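Here the structure comes first, spelled out in structure tokens, and everything after it is commentary.
The values are calculated or read from the model by the stated rules, or taken from the named source; none is laboratory data. Remember, it's a predicted structure, so these values are computed and weren't measured experimentally. So basically every Cβ, Gly included, is an ideal-geometry build from the backbone, and we count neighbours across all protein chains shown. Note: areas computed on protein heavy atoms with side chains; ligands, DNA, RNA excluded. Shrake-Rupley method; radii C 1.70, N 1.55, O 1.52, S 1.80 Å.
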Amino acid sequence: MTRRDRSRAASAETRTNLLALDESALEQFVNDLDWPKFRARQILRWLYRERVRDIERMTDLSKTERARLAAIASIDRLSDCEVRRSSDGTRKFLLRLQDGLVIESVLIPDAARLTLCLSTQVGCTLDCGFCLTGQMGLKRNLTTHEIVEQALTALDRLEPGERLTNIVLMGMGEPLANFDAVAAAIARLTNTGWGLGIPARRITLSTAGLASRLKDVAGLGINLAISLNATTDAQRDRLMPAVNRLHPLAHLLAACRAYPLPPHRRLTFEYVLLAGENDSEQDARRLAKLLNGIRCKINLIPFNPFPGNPYRRPADSDVLRFQTVLRKAGFDVLIRKSKGRDVLGACGQLGELVSPHRS
Ligand code: SAH
């Protein structure tokens with residue numbers, strides 16, 4: 001160990017968490033040790049591809065190198081994870097962060113697909129009235145490695161024969177309100193050299209409609225989903241006040257029309273169906289008009305209830321009627337299956353239930 005290493009190894013707290021470094025920061029770190037640059041990629045591969053939790057397992061580093069690295073660096077993976085399994089096979093992971101806050105991610109099997117839904121914030125900046133996460137307020141943004149940690153945790157716990165096929169950034173939080181960390185996480189998830197190697201076209205980011213940031217998503221090569229949820233500003237102000245005040249419908253749809261969609265890709269519009277609120281035939285017709293000419297598909301999400309919320313899920317027949325109007329107008333419309341509802345793992349059900357009696 002050199003003197004410089006010894007001073008850095010003074011206490012565990014001063015050790016560098018390797019997971020907190022991106023590729024260029026790790027190259028710098030390796031350079032400071034006077035190691036060749038390719039060591040950075042070897043280490044990254046152990047962290048993400050092999051998901052090791054112990055530097056000792058990095059067997060293409062010599063024993064001396066491993067000891068030197070372990071004296072100044074650590075792999076701070078999270079290990080406190082509770083899994084709740086739904087009767088439909090969906091698994092919700094409750095992951096405790098180092099500061100004690102808990103985030104949720106959901107693994108959703110569906111036919112040939114296995115989709116992981118990731119959180120990007122603890123709580124959410126926004127206040128959408130039909131979403132449990134919105135009731136928590138924003139506790140804080142997640143760091144890049146906390147976003148990626150959710151994927152590493154889920155991969156560690158896959159069952160024999162399972163393979164992760166898709167990732168959606170649709171869990172707790174508004175991903176575009178934490179863009180830099182999200183973009184860096186996507187770089188690690190998609191990297192084919194040392195990262196998780198998940199193709200960008202199999203990753204979808206969902207936003208409540210931060211219109212001015214939509215164009216930033218295009219550069220990431222992933223898919224974009226917009227939670228529209230309403231067809232007039234009055235309705236959207238009621239349902240999603242914070243975001244609609246900033247970016248009213250006309251502004252949001254103009255940004256969608258201007259979005260640089262690559263060939264063969266489509267935008268996705270999500271629309272939560274709330275009985276008696278936004279599920280009428282008139283709403284469906286207005287929605288068709290708003291989206292006219294945008295290359296897109298529509299995902300209808302019948303409201304998933306949670307305790308203490310005033311909204312109701314529409315009857316299946318009303319959902320089908322809504323779908324039919326849109327289909328007749330020429331749109332591709334899917335009704336999203338609400339998986340994991342029995343473990344509060346479905347859309348809008350992630351977060352702390354706040355007891356109304358608690359002050
Ligand atoms: N903030 C992002 C991502 C999180 S919400 C966004 O708004 O898109 C993911 C999806 O779940 C959104 O389309 C949202 O409208 C929907 N959603 C929220 N609460 C819901 C609920 N209780 N039932 C059904 N869908 C809900």
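Key figures for this structure:
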| read-out | value |
| --- | --- |
| Share of alpha-carbon pairs per 10 Å distance bin for region 128-168, given as whole % | 22, 35, 32, 11 |
| Protection proxy ranking, peptides 228-238, 315-325, average beta carbon neighbours within 10 Å, highest first | 228-238, 315-325 |
| Accessible surface ranking that places the most exposed of Met170, Met240 first, with a 1.4 angstrom probe | Met170, Met240 |
| Long-range tail of P(r) for region 169-220 (Cα pairs > 16 Å, %) | 39 |
| D (Stokes-Einstein, µm²/s), Kirkwood Cα radius, region 250-359, 1.002 mPa s at 20 °C | 138 |
| Net charge of Cβ neighbours under 11 Å - reference Asp318; Lys, Arg +1; Asp, Glu -1 | -1 |
| Heavy atoms of Lys37 accessible to a 1.4 Å probe, total area in Å² rounded to 10 | 130 |
| Percent of alpha-carbon pairs separated by more than 19 Å within region 1-135 | 63 |
| Cross-link partners of Lys339 among lysines (Cα-Cα below 17 Å; sequence separation of 8 or more within a chain) | Lys92 |
| Crossing angle, helix 38-48 versus the chain [Cα axis fit, 0-90 degrees, rounded to tens] | 50 |
| Centre separation in Å (Cα based) which lies between region 57-87 and region 157-218 | 23 |
| Straight-distance crosslink candidates among lysines, where the alpha carbon sits under 18 Å from Lys37 and sequence neighbours closer than 8 are dropped | none |
| Å² per residue, accessible surface of the chain at 1.4 Å | 45 |
| Residue of Pro241, Pro160, Pro307 that the Gaussian network model of the chain assigns the largest fluctuation, springs spanning Cα pairs under 10 Å | Pro160 |
| Region 152-269, Cα convex hull volume normalised per residue, Å³ | 127 |
| Spatially proximal lysines relative to Lys328 (Cα-Cα < 17 Å; intrachain offsets below 8 disregarded) | Lys289, Lys297 |
| Two-decimal log10 I(q)/I(0) for region 200-283, as the Debye equation yields it once each C-alpha is a single scatterer, q = 0.15, 0.26 Å⁻¹ | -0.55, -1.28 |
| Sequence-distant residues sharing a close amide H with Leu138 (under 5 Å, placed H) | Cys124 |
| Other-chain or far-sequence residues with amide H under 5 Å of Arg312's (modelled H) | Ala275 |
| Cα pair distances in the chain, grouped into 10 Å bins until the bin that holds the longest one, percent each | 5, 23, 31, 22, 11, 6, 2, 0 |
